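Down below is the structure, laid out as structure tokens.
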Amino acid sequence: VIQPYKKSLKAEVGVNKVAVVGAGLVGGSWALVFARAGISVKMYDISLDSLNAAVVSIRSSAELLESQGLLNSRSTAQIMAAIGTTDNLDEVLDGAEYIQECAPERLEIKRALYQQLGRLASPQAILASSTSGLPASSFSSDIQGRDRCVIVHPINPPHLIPLVEIVPAPWTSKDVVRRAAGFMVAVGQVPVRLEREIDGFIVNRLQSAILGEAFRLVEDGICSVQAIDTAMSDGLGLRWCFLGPFATIDLNAKGGVADYCKKLGPMYYELAKSQADPRPWSEALVHEVESQCREMVTSENLDSRKNWRDYCLAALLKCKRAFPQ
Ligand SMILES: NC(=O)c1ccc[n+]([C@@H]2O[C@H](COP(=O)([O-])OP(=O)(O)OC[C@H]3O[C@@H](n4cnc5c(N)ncnc54)[C@H](O)[C@@H]3O)[C@@H](O)[C@H]2O)c1
């Protein structure tokens with residue numbers, strides 16, 4: 001008998017209408033997440049071109065999910081019928097109970113937009129931001145009903161990567177945090193909650209540590225870009241795909257995590273000291289990394305590589321669903 005590893009959060013249903021504000025790369029993928037869960041979605045953007053491009057990209061992503069049996073028994077046609085578009089902010093907010101903001105990562109844009117959302121959205125609606133790094137306190141401090149604001153940060157593309165980071169501002173109501181997390185469970189995402197704001201949240205802090213070391217190894221001529229990517233894709237990434245770093249080390253010593261730390265803690269401490277001094281990624285270093293990347297994939301092949309990545313992620317998602325943790 002395998003003991004379940006994760007305590008699961010309770011799904012919170014009750015949201016029937018979602019507004020996606022900003023229909024770029026992330027907004028389109030979010031719309032697919034909500035429509036896949038049977039929820040009616042409307043996307044808003046200031047650019048009609050963005051709205052049209054989002055519809056094309058959602059259709060092709062939905063076709064991929066349908067081919068992999070990952071559309072909750074829905075058809076691409078049903079998904080497309082559940083998603084509307086508008087360039088009118090009043091219209092998108094009308095009756096929306098949950099608003100996923102996906103505007104560009106620029107503070108002045110988010111600040112101005114949140115002023116409008118504060119005035120126009122229903123007082124009960126959750127105002128969830130997709131921001132990758134701006135704390136919610138930086139753009140929601142002086143809006144009406146600021147206790148409705150919370151960060152719900154996806155990992156791109158959210159229709160293939162379920163994790164979301166839920167980060168409250170100091171004034172976010174506990175009820176909003178609970179409802180946002182519960183709603184994410186209801187639409188098939190996997191939320192993790194942070195107790196308070198911190199730059200980079202969890203994922204980008206971890207990613208920053210890994211990228212910093214990866215660039216350092218290349219800069220010091222220790223190994224190639226490909227060697228590092230392989231160390232991840234055939235090594236740590238594969239292992240971490242089912243179990244995170246703590247659960248991993250819990251299994252890597254006979255006496256569990258405490259035994260592991262006793263045996264290897266001093267080694268990691270010495271390594272960490274040699275990694276403690278962060279370095280900027282110099283132009284020359286970026287040039288070197290780029291030329292090695294272009295040897296692996298030419299510029300013309302980046303789009304087809306992205307499609308291949310999405311196909312692999314869909315297959316992996318299917319596999320993970322077959323082996324719940
Ligand atoms: N791309 C990623 O990998 C990723 C991952 C996680 C989170 N995010 C975050 O999601 C948000 C959106 O990122 P993206 O990559 O989709 O950007 P994007 O540039 O692809 O899309 C942004 C969209 O917002 C629209 N827009 C501009 N001003 C607007 C306004 N005032 N109101 C409504 N729409 C407006 C633009 O026309 C554009 O279509 C950012 O905060 C970003 O940090 C991005």
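The values are calculated or read from the model by the stated rules, or taken from the named source; none is laboratory data. Everything quoted here is computed from the prediction, not taken from an experiment. With ideal geometry, Cβ positions are generated from the backbone for all residues, glycine too; neighbour counts draw on all protein chains shown. Please note that ligands, DNA and RNA were not included when accessible areas were found on the heavy atoms of the full protein model with its side chains. Shrake-Rupley method; radii C 1.70, N 1.55, O 1.52, S 1.80 Å.
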Only one of Val56, Val41, Val20 that is among the β-branched types (Val, Ile, Thr) and either assigned to a loop (DSSP other than H, G, I, E, B) or within 11 Å of the ligand (Cβ to nearest atom) (or both): Val20
Check the stretch 77-87 and report whether any residue there is in a loop (DSSP other than H, G, I, E, B) and within 14 Å of the ligand (Cβ to nearest atom). yes
Pull up the stretch 23-32, narrow it to residues that are touching a residue at least 60 places away in the same chain (Cβ under 8 Å) and either crowded, with 19+ Cβ neighbours inside 10 Å or part of a loop (DSSP other than H, G, I, E, B) (or both), then point me to the one that is farthest from the ligand (Cβ to nearest atom). Leu32
Screening Val185, Val176 for residues that are in contact (Cβ under 8 Å) with a residue 60 or more places away in the chain and away from the ligand (no atom under 11 Å from the Cβ) leaves only Val185
Residues (part of a helix (DSSP H, G or I) and either of a type in the set (Lys, Arg) or under 22 Å from the mean Cα position of the chain (by Cα) (or both)) located in the stretch 236-260: Leu236, Gly237, Leu238, Arg239, Trp240, Pro245, Phe246, Ala247
Report every pair of residues separated by at least 6 positions or lying on different chains whose Cβ atoms are under 9 Å apart, first residue within the stretch 105-121 and free of Cβ contacts under 8 Å to residues at least 60 places away in the same chain and more than 8 Å from the ligand (Cβ to nearest atom), second open to solvent by 20 Å² or more (accessible area, probe 1.4 Å) and basic (Lys, Arg). Tyr114/Arg146; Gly118/Arg146
Those residues of the stretch 133-151 which are near the ligand (Cβ under 10 Å from one of its atoms) and touching a residue at least 40 places away in the same chain (Cβ under 8 Å) amount to Gly133, Ile151
Which pairs turn up if I take residues in the stretch 295-307 that are in contact (Cβ under 8 Å) with a residue 24 or more places away in the chain and look for partners that are among the β-branched types (Val, Ile, Thr) with beta carbon separation below 8 Å, at least 6 apart in sequence or on another chain? Met296/Val225
Filter the stretch 29-85 for residues that are within 23 Å of Leu120 (Cα to Cα) and touching a Lys or Arg at 6+ places or on another chain (Cβ under 6 Å); the one that is modelled with the lowest pLDDT is Ser40
How many residues of the stretch 275-285 are part of a helix (DSSP H, G or I) and surrounded by 12 or more Cβ atoms within 10 Å (Cβ to Cβ)? The answer is 1
So Glu63 clears everything in (1) closer than 21 Å to Gly24 by Cβ; (2) within 16 Å of the ligand (Cβ to nearest atom); (3) not aliphatic (A, V, I, L, M) except one condition, right? Which one? (2)
Does Gly14 satisfy being at pLDDT below 95 and either outside any helix (DSSP H, G or I) or under 12 Å from Ile83 (Cβ atoms) (or both)? yes
Condition first: of a type outside the set (A, V, I, L, M, F, W, C), within 13 Å of the ligand (Cβ to nearest atom) and in contact with a Lys or Arg (Cβ under 9 Å, 6 or more places away or on another chain). Now tell me which residues in the stretch 92-104 satisfy that. Glu101, Pro104
Cβ-Cβ under 7 Å pairs, at least 6 apart or on other chains, the stretch 256-272 side within 13 Å of Phe246 (Cα to Cα) and without any contact (Cβ under 8 Å) to a residue 60 or more places away in the chain, far side assigned to a helix (DSSP H, G or I) and open to solvent by less than 90 Å² (accessible area, probe 1.4 Å): Gly256/Asp250; Val257/Ile249; Val257/Asp250; Tyr260/Ile249
